[in-house]
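Heads up: the structure comes next, in structure tokens.
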Amino acid sequence: MYTGFLKNVWYVALPSHEVAVGKAVARKIMKEPIVFYRDSKGKVAAMRDICPHRGIPLSYGRVVNDQLECPYHGWKFDCTGTCTEIPSLLPDQDLNPNKIKVRSYQVHEAQGIIWVFIGDKNFDMSKAPQPPVMKAFGADVKPKLDFVVNFPCHVDHAVIGLMDPAHGPYVHKSWFWRSEKSMLEKKKKFAPVDFGFSMVRHQPSKNSKAYKLLGGVPTTEITFTLPCVRIEHIEVGARNFYSFTALTPVDEMNTRITQLVYWDIPWLSLLKPAVKKFGHVFLGQDMDAVTKQQEGLRYDPSLMLIKDADTQAKWYYALKTEYHEHLEQNREFQHPVKETELRWRS
Ligand code: FES
Ligand SMILES: [Fe+2]
């Protein structure tokens, strides 16, 4: 089982609105400091957040003429990480700034999300899982709500904690959600998708009051894809609601959760404050659970994954391990998930 961080994949870096035109923003991803900035044309660039001259984070600098200027001695770097100017040089001093480079990263932006590719040099990105798209909406759609929170745990625990179907009645005990008294037997069909799996479209559980608020007969599809993106798509007639959750490893003990919510249901916008509150409470409950879990994990206990409630967690590990190993061994990816029906009580 591979428990390291997956590379040669797209990670969610941050929501688009966090990088304004002409602004530089720092984020740590897989233990690497990365600076993101947006130029005057709206294009986002990403590079290592360390000046090659004396190591100060470039994110303390400013964006000048679509380039990032180091705050210490004013060296400038373009969107490819190439140094374009060293202000202290005299015309007769023959140091070519262009030979100095900061590591840059591929960036992809769509649907209000900035993705960054963390991978080996010259890796063929077409072989990687592609950033998933919320198909009912175009590339320009913006999330109606966003929550970015840090879970103080390794990405694996954050992923399996969020996809775990059995913790609901215990962790998310709220008037608007399930209680252990309303536990029912669940039976759901799952099918493999590219680098992931999905809970096949179905009518959501009858014991979720929150779903009833949507009105009509909603159907839900939940898809998980590598490295760690979960998309829940609820269709109510011609209307759509998406809950997008992506996890980004910050370091061994921290994981950033980016939760975005999209919808085109007009009356739901009236309930925006309630949906926002719901999101905060919900994520807070998960965070509380994984934070307490750390107290036990400190003793490095052996853990269990049981059927069928933990089968999705097993698939996560299997997909991740296979992705890592097929690249190491330079062979075809063999999908570890088969079409299955899973049953559990929650
Ligand atoms: S440290 Fe960046 S220009 Fe000197
Ligand atoms: Fe949860």
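Quick notes
- Built amide H within the under 5 Å cut-off of Val9, gap 5+: Ile118
- Here the peptides 149-155, 281-287, 257-263 are ranked by packing, the mean other Cβ count within 10 Å, and the order with the highest first is 257-263, 149-155, 281-287.
- Taking only alpha carbon atoms, segment 9-127 gives an Rg to Rh ratio of 0.98, where Rh is the Kirkwood radius.
- Taking the Cα centre of the chain as reference, the dipole from Cβ charges on Lys and Arg (+1) and Asp and Glu (-1) amounts to some 1180 debye.
- Cα-centred dipole magnitude for segment 9-127, charges only on beta-carbon of K, R (+1) and D, E (-1), debye, nearest 20: 320
- Annotation: amide H-H contacts under 5 Å for Ile29 (H modelled 1.01 Å from N, sequence separation of 5 or more, or interchain): Ile34.
- Separation of the Lys142 and Lys31 label points, Cα + 7 Å toward Cβ, nm: 3.8
- Eligible lysines near Lys188 by straight Cα distance, threshold 20 Å, same-chain separation 8 or greater: Lys206, Lys209, Lys212, Lys307, Lys314, Lys338
- Computing FRET efficiency as 1/(1 + (r/R0)^6) for Ser88 and Arg62, where r is the C-beta to C-beta distance and R0 is 25 Å, gives about 0.90.
- Shown for segment 9-127: lysine pairs separated by 8 or more places, or found on different chains, whose C-alpha atoms are under 14 Å apart, numbering 4.
- What the Cα atoms of the chain give is an Rg and a Dmax of 22.1, 81 Å.
- Between the Cα long axis of helix 272-297 and the first principal axis of the chain there is an angle of about 90°, rounded to the nearest 10.
- Average Cα contact separation per residue, the chain, under 8 Å, 6 or more apart, as relative contact order %: 19
- The aspartates and glutamates whose alpha-carbon is closer than 18 Å to the alpha-carbon of Lys292, local same-chain residues fewer than 8 away aside, are Asp156, Asp164, Glu252, Asp300.
- Packing rank of 315-322, 28-35, where each peptide gets the mean count of other beta carbons within 10 Å, highest leading: 315-322, 28-35
- For the chain, the longest principal axis of the alpha carbon atoms and the long axis of helix 311-328 meet at an angle near 30°.
Taken together, the values in this text are just the output of simple stated rules run on the coordinates, not laboratory data. Remember, it's a predicted structure, so these values are computed and weren't measured experimentally. Positions of Cβ are backbone-derived with ideal geometry, glycine not excepted, and every protein chain shown enters the neighbour counts.
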